[in-house]
1. Between ASN256 and MET164, 0.36 nm times their residue separation minus their Cα-Cα distance comes to what?
2. So how do 128-134, 50-56, 165-171, 285-291 stack up, highest first, on mean other-Cβ count within 10 Å?
3. Given a Förster distance of 45 angstrom, what is the FRET efficiency for LEU311 paired with ALA145, based on the Cβ-Cβ distance and rounded to 0.05?
4. So, by mean Cβ neighbours within 10 angstrom, what's the order for 249-255, 35-41 with the highest one leading?
5. Need the full-extension length gain, ARG30 to THR155, defined as separation in residues times 0.36 nm minus the C-alpha distance. One decimal, nm.
6. Amide H to amide H, which residues 5 or more places from GLY189 or on other chains are under 5 Å from it, using H placed in the peptide plane?
7. Counting only C-alpha contacts under 8 Å and six or more residues apart, can you give the relative contact order of region 130-207 as a whole percent?
8. Would you list which aspartates and glutamates come within 15 Å of LYS214, measuring only between C-alpha atoms, while excluding same-chain residues fewer than 8 positions from it?
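No lab work stands behind these numbers, since they all come straight from the coordinates. The structure displayed is predicted, hence computed values, not measured ones. Neighbour counts run over all protein chains shown; Cβ positions are idealised from the backbone, glycine included.
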Amino acid sequence: MEYKDYYQILGIERDASADAIKQAYRKLARKYHPDVNKEKDAEERFKDIGEAYEVLKDPEKRSAYDRFGANWQSGEQFRPPPDWNMGGYEFHGSSGDTQGFSDFFEALFGQARGRSSRPRQEFRMQGEDQQAAISISLEDAFHGAKQTLNLNRPTLDEQGRVTMRPQQLNMVIPKGIIAGQRIRLEGQGMPGHGGGAPGDLYLEISFAPHPFFKAEKRDIHLQLPVTPWEAALGATLTVPTLDGKVQLKIPANSQNGRKLRLKGKGLSTSKTQGDQIVTLQVVLPEAQTEAQQGVYKSMAEKMAFNPRTDLGV
């Protein structure tokens, strides 16, 4: 019989971790699954991949297989040692459908598997996780909300083929979620094969444009227009927040661009606080009449002020 290099089949090193083995298997199984890949050797490759994973995912099977070392090459004629079946290895059950596995597998593990009193399970492969992007309002992110999504989702038809069908999904938007975070909908990804569990659906959050708020991580930013006299003399102004209107005190002699903080008015959770940052934007009224122009002339005469002194002019 031909020796099979299970590490080479999965494209991994002999010291690969359990996670690396699983990742390699899932990637190759998706690529060569007969329902997806129509190449003539896809089914055979798929069987080899499943057989390799059946052995390498199980620490006991892998240890037994590794006893042969790395001196054998795939395709070489191989015969297990005469005392192989007396080595004390007894494997209980199998998570894969071993029907159709190679003579090499049967020679190494067939008799040991046959001694198991546990029922054999059919080959299963978990469905692939999926990603999608959704846009939500800042208000929903601030308060938390329930939302119904209309998505085209993968399902299996009667022939076992993957088709896309419209479906409604209910989701919960956690209070204080920020842009770039993901919401996991368990079991709403690609369907599994052979009765395997479906994958998960991950929804990446972005924010819909807001008329006057802008989010930067957990902080909410607002440009607040103020008059020159409000900035110079100080004032208490009504300011919008995602939690409703509040009163904000503007200190006297505030300059354009000054930032004031409203604590806890950003995207906050029970463990992390976001604030609202209010940036003052001094807006000058137009001098359209002689009286209005006189106000500016009076200011120029009474206030010795040169904003360009830092420029040396």
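1. Values: separation 92, 0.36 × 92 = 33.12 nm, distance 5.41 nm.
Contour length minus the Cα-Cα distance gives 27.7 nm.
2. Output ranking for 128-134, 50-56, 165-171, 285-291: 50-56, 128-134, 165-171, 285-291.
3. Plugging the Cβ-Cβ distance into 1/(1 + (r/R0)^6) gives 0.35.
4. 249-255, 35-41
5. Length gained, ARG30 through THR155: 43.4 nm.
6. GLY199, ASP200, LEU201
7. Worked out over region 130-207, it gives 38 percent.
8. LYS214 reaches GLU139, ASP140, ASP243, ASP275.
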